[in-house]
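Data block below; observations after.
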Amino acid sequence: MTAASATERNAPDYSIAVLDRALDLLEALAEAPAGAPLGVSEVARRAGVTKSAAFRILANLERRGYVAKDPVSARYTLGMQLVYLGERSLGAIDLRVAARPALEALQQRFGETVNLGVREGAEVVYVDMIESSHGLRMAARVGGRDYLHSTALGKAMLAFLPPAERDHLLHMREALPARTERTITDPGKLRAELERVRERGIAEDRDENEVGARCLGAPIFDHRGMVAGAISVSAPDSRLDDARAAEVATAVREEAAAVTRRLGGRM
């Protein structure tokens, strides 16, 4: 037995049979010639599952919008929810490419951790990052999540959401937990803070998400003028005094605007 095959044999098996079958069905629909709709029997045959299993799984996928069923022919095609997921995925990829020069420029200039984030619900997801070379640095990681209201990245995006969407998030009690004693959890105070962010074009968190940390972030906009993400510079408070923070804020705002232009966006 080779070392590789031994490793594979010893690796834990996290497979979920019904999930595998659901993905097989989606791939079968995706591979149909010219996206032609398929009946249950054909989908089941192509995916290698029983007709009864295919019917049950397709019914659940239809309910969630991942497949669509023609009411007349009872044939299936891929659903619009997959289009949404694909657009989000492509958007994140495009954003990372457009933002990378800005992240590199900020990291080279200030030597601190720079972050790129996007919004998912009431959270910010870190999609790219260049870490500081200092031993003492912030603890976020690519793929990690934080709350919108407690981070500069999050507040930069939250401030520029459509008013109805922003108000909805501000009134979700579960969306405003306290990360530290300085986290703004009162909707009225947070609304006033977001107005300042809109006026300045820059958001800040200081001990609000992580004790001893200071972060400045600015929003990025897409071609519709909607928030596409945000970039930020984060550092221990000891290395980011007010004078340095003002310099960082100007640079972050300028680099975010440059990313917006690269995306063909408008503010």
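The values are calculated or read from the model by the stated rules, or taken from the named source; none is laboratory data. What you see is a predicted model, and the numbers here were worked out from it, not measured in a lab. Here the Cβ positions follow ideal geometry from the backbone for every residue, glycine too, while neighbour counts run over all protein chains shown. These accessible areas exclude ligands, DNA and RNA; they are computed on the full protein's heavy atoms, side chains included. Shrake-Rupley method; radii C 1.70, N 1.55, O 1.52, S 1.80 Å.
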Of those in the range 33-60 that are within 15 Å of SER73 (Cβ to Cβ) and small (Gly, Ala, Ser), the residue most open to solvent (accessible area, probe 1.4 Å) is SER41
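Give the residue that is farthest from SER234 (Cα to Cα), with candidates limited to residues of the range 170-190 that are open to solvent by less than 30 Å² (accessible area, probe 1.4 Å) and not small (Gly, Ala, Ser). Break it down stepwise before answering.
Taking the range 170-190 first, the residues open to solvent by less than 30 Å² (accessible area, probe 1.4 Å) are 170, 175-176, 180, 183, 190.
Narrowing the set further to residues that are not small (Gly, Ala, Ser) leaves 170, 176, 180, 183, 190.
Numbers: LEU170: 24, LEU176: 21, THR180: 17, THR183: 16, LEU190: 21 Å.
Once the filter is applied, the top-ranked residue is LEU170.
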Tally up the residues in the range 244-267 that are among the β-branched types (Val, Ile, Thr) and free of Cβ contacts under 8 Å to residues at least 60 places away in the same chain, please. 2
Total residues in the range 255-267, condition over 19 Å from the mean Cα position of the chain (by Cα) and in a loop (DSSP other than H, G, I, E, B): 3
Just the residues that are among the charged types (D, E, K, R) and within 18 Å of LEU19 (Cα to Cα), please, taken from the range 63-80. ARG63, ARG64
From the residues in the range 191-220 that are open to solvent by 20 Å² or more (accessible area, probe 1.4 Å) and of a type in the set (Gly, Ala, Ser), which one is modelled with the highest pLDDT? ALA192
Just to be sure, is ASP70 more than 30 Å from LEU25 (Cα to Cα) and among the acidic types (Asp, Glu)? no
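Table: residues versus (1) open to solvent by less than 30 Å² (accessible area, probe 1.4 Å); (2) among the charged types (D, E, K, R); (3) on the phi > 0 side of the Ramachandran plot.
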position	(1), (2), (3)
ASP237	no, yes, no
ALA246	no, no, no
GLU254	no, yes, no
ALA258	yes, no, no
ARG262	no, yes, no
MET267	no, no, no
Members of the range 93-111 found to be within 14 Å of PHE221 (Cα to Cα) and open to solvent by 30 Å² or more (accessible area, probe 1.4 Å), listed by number: ASP94, ARG96
Sort out which residues of the range 190-208 are among the basic types (Lys, Arg), under 14 Å from LEU153 (Cα atoms) and over 22 Å from the mean Cα position of the chain (by Cα), and write them in order of number. ARG206
Restricting attention to the range 154-169, which residues are in contact with a Lys or Arg (Cβ under 9 Å, 6 or more places away or on another chain), surrounded by 21 or more Cβ atoms within 10 Å (Cβ to Cβ) and aliphatic (A, V, I, L, M)? MET157, LEU158, ALA159
